[in-house]
Amino acid sequence: MIELDTNNLELVLEEAKNLNEKTPLDGVMTFMEFCVPQAAAVANKLGLPGIAFEDACCARNKYLMRERLATKKSSYSSIQSNY
């Protein structure tokens, strides 16, 4: 178990890299919604399956998601935003 500040993304990425060097990881997951971007960033950095960091950030931010849907920068291009 590694205890660290999950709000410090650089620290999370560094610790994940160090852990992966000792014991190669097969994947990354979180049980806390607010850590979805961190899990995505780790997966991206280590070349593991997962969503893109930008997508994870949009999933956590209604304004960014509405903006993305309105500009159709999404695979959900058939959805139209009323905002």
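Table for the structure above
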item: Estimated FRET transfer efficiency when R0 is 30 angstrom, pair LEU64-GLU21 (beta carbons, to 0.05); result: 0.35
item: Structure-based [θ]222 nm, the chain - -39500 (n - 2.57) summed over DSSP H runs of at least 4, per residue, nearest 500; result: -15000 deg cm²/dmol
item: Unit Cα scatterers, Debye sum, the stretch 21-72: log10 I(q)/I(0) for q = 0.17, 0.26 Å⁻¹; result: -0.54, -0.95
item: LYS72-LEU4 pseudo-label distance in nm [points 7 Å out on the Cα-to-Cβ vector]; result: 4.1
item: Normalised contact order of the chain, rounded percent, pairs of Cα under 8 Å and 6 or more residues apart; result: 18
item: 19 Å Cα cut-off, lysine pairs counted over the chain (separation 8 or more, or different chains); result: 4
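Taken together, the values in this text are just the output of simple stated rules run on the coordinates, not laboratory data. As the structure is a computational prediction, the values presented were derived from the model and not from experiment. Cβ: placed from backbone, ideal geometry, glycine included. Neighbour counts: every protein chain shown.
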